[in-house]
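None of the figures in this text is laboratory data; all of them are computed from the coordinates on show. These numbers were taken from a predicted model, which means no experiment stands behind them. Heads up, the Cβs are rebuilt from the backbone with ideal geometry, glycines too, and the neighbour counts pull from every protein chain shown.
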Amino acid sequence: MVLVLGGLLFDPLVSEAGDDSSYLLEAMKFSRGEAFPGFHGMFYSLMIGVLIRLFGFNLVFFKLLSLVFLLAHQTFFYLSFRKKVSPFLLSSALLISSVSSGLLYFGSHTYTEAFFMFLQASFFYILSLGFLEVPGNFKHVRNYWKYYLSLGAVLFIMTTTRNLGLVAILTVVIYFLIQKKYVPILYTLVSYLVFNLPYTLYKKLVWNTEGSEM
């Protein structure tokens, strides 16, 4: 449904709003080595910048990526909740989101919304794999290190795409605090820092960009 309606509503032109073109301009500057993305949605511009460097600038391709991200969101959303909620409720939620013109709009524009929706669904998917049931001892990391690294990567990308991503980290921390499982909180924060610290050093050493400059 998303593929069909998204294709019918696909707009190959740059939108009239400023954000759409700003992400692309930031990505272009990064691909040329002129500046590190300073606009909000850093990781998105970094990703597009890398694609520009590898394959050149192609507006329609970047817009199609947003449609792919919407499809990926639907897929991971389904996988996350198929065993957690009733089939009717899940089908209804997917149907409503599939025909929403407001959501489909982002499927043909280079905003961060479609990408961030995909990240949110990926976050839910990792949690649904049994991550929330991890033991509270230190030894469990032997069996769950892949979960932690996957979660750390998704949390890192979420927070560097939108500041709202910090809520995802807070959600995990609060959940384990309620469960009185303090070791998983430590591992979650460490897994996030595994990705965030090299990124921060890269900004500082290569681009001389301080801390959380946006």
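A few points about this structure:
- Averaging the sequence gap over all C-alpha pairs within less than 8 Å and six or more residues apart, then dividing by the number of residues, gives the chain a relative contact order of 23 percent.
- Excluding exposed DSSP-loop trypsin sites (Lys or Arg not before Pro) (at most 16 other C-beta within 10 Å), longest clean stretch of the chain: 85-138
- On the principal axes of its alpha carbon atoms, the range 160-199 extends 31, 20, 6 Å, with the longest extent given first.
- Pairs of alpha carbons in the range 51-109 whose separation is greater than 19 Å (percent): 42 percent
- DSSP loop GluC sites (Glu not before Pro) with at most 16 other Cβ within 10 Å excluded, longest remaining stretch of the chain: 35-209
- Among the chymotrypsin sites (Phe, Trp or Tyr not before Pro) in the range 42-140, those placed in a DSSP loop whose Cβ has at most 12 other Cβ atoms within 10 Å are Phe138.
- Subtracting the Cα-Cα distance of Ser101 and Arg82 from their residue separation scaled by 0.36 nm leaves 4.4 nm.
- Value of Rg to Rh for the chain, rounded to two decimals, is 1.00; Kirkwood radius and Rg both from alpha-carbon coordinates.
- When the Gaussian network model of the chain links Cα atoms closer than 10 Å, the mean-square fluctuations of Leu89, Leu151, Leu25 top out at Leu89.
- Where the Cα pairs of the range 113-173 fall when distances are cut into 10 Å bins, in %: 21, 53, 22, 4
- Scalar couplings 3J(HN,Hα) for the range 110-127, obtained by applying the Karplus form with A = 6.51, B = -1.76, C = 1.60 to θ = phi - 60°, are 8, 8, 8, 4, 5, 5, 5, 4, 4, 5, 4, 5, 5, 4, 4, 5, 4, 5 Hz; x denotes Gly and Pro.
- Candidates Ala153, Ala72, Ala93: whichever shows maximal mean-square fluctuation once the chain is modelled as a Gaussian network with Cα springs under 10 Å: Ala93
- In this Cβ point-charge picture (+1 for Lys and Arg, -1 for Asp and Glu), the chain has a dipole of about 980 debye about its Cα centre.
- Percent of Cα pairs in the range 21-146 per distance bin of 5 Å, from zero to the largest separation: 2, 10, 16, 16, 14, 12, 12, 10, 6, 2, 0.
- Restricting the calculation to Cα atoms, every distinct pair contributes to the Kirkwood radius of the range 135-204, found to be 12.5 Å.
- Placing pseudo-labels 7 Å out from each Cα toward the beta carbon at Tyr182 and Ala153 gives an inter-label distance of 3.1 nm.
- Selected from Gly49, Gly136, Gly152 as most flexible by GNM, with the chain as the system and alpha-carbon contacts under 10 Å: Gly136
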